[in-house]
Every structure is written in structure tokens, then in C-alpha cells.
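Here's the structure, in C-alpha cells; my notes come after.
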């Protein structure tokens, strides 16, 4: 049976990315939750199952993206 690894996830509003932390792993940064899960899984040995535990800010950002809320603008582009 694969081991379950719980990654604590927060969202950095200034930079626009998710940050995953676990005591035994280096911090993982990604633009999406699926990217974060993939990056975290690639640092783990074997077939460990990654479980993301979102804090309030990360949960709010996920819900905004799911509902089709306003997209973040990126520096250097015009809208």
C-alpha cells in the first residue's frame, strides 16, 4: 500500500503561485495545484500518494479559479 504524504499548501497573492511545504521535503512552488501535486510527487520516493491540505488563502484562490473569476494580470502585458 502506498504511503500518504500530506503537503500543507498556501497561496502567495503577490507572486501568483502556490507553495507546498512538508517537514521532510524542500518547499515546492507551482502556478497550479495540479503542477504542485506533480512536483511534490516527483520529489518523493516510490509510489507515495500526495494529499494537498489547503489553507484559507489557497482554498479561496482555488474556488475563484473554479468559478471563472477574474484572471490575474501579468507584468509586462496589456489587457
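Nothing in this text is a laboratory measurement; each read-out follows from the coordinates by a stated rule. Since the model is a prediction, treat every value here as computed from it, not as a measurement. Cβ coordinates were reconstructed from backbone atoms using ideal geometry, including for glycine residues, and neighbour counts include every protein chain displayed.
Annotations
- Selection count where residues are in a helix (DSSP H, G or I) and either touching a helix residue (DSSP H, G or I) at 6+ places or on another chain (Cβ under 7 Å) or touching a residue at least 60 places away in the same chain (Cβ under 8 Å) (or both), scope the range 29-72: 2
- So residue 16, is it in contact (Cβ under 8 Å) with a residue 40 or more places away in the chain, over 8 Å from the mean Cα position of the chain (by Cα) and within 16 Å of residue 59 (Cα to Cα): yes
- Candidates are the residues of the range 13-28 that are in a strand (DSSP E or B) and out of contact with any strand residue (DSSP E or B) (no Cβ under 6 Å at 6 or more places or on another chain); the one that is surrounded by the fewest Cβ atoms within 10 Å (Cβ to Cβ) is 26.
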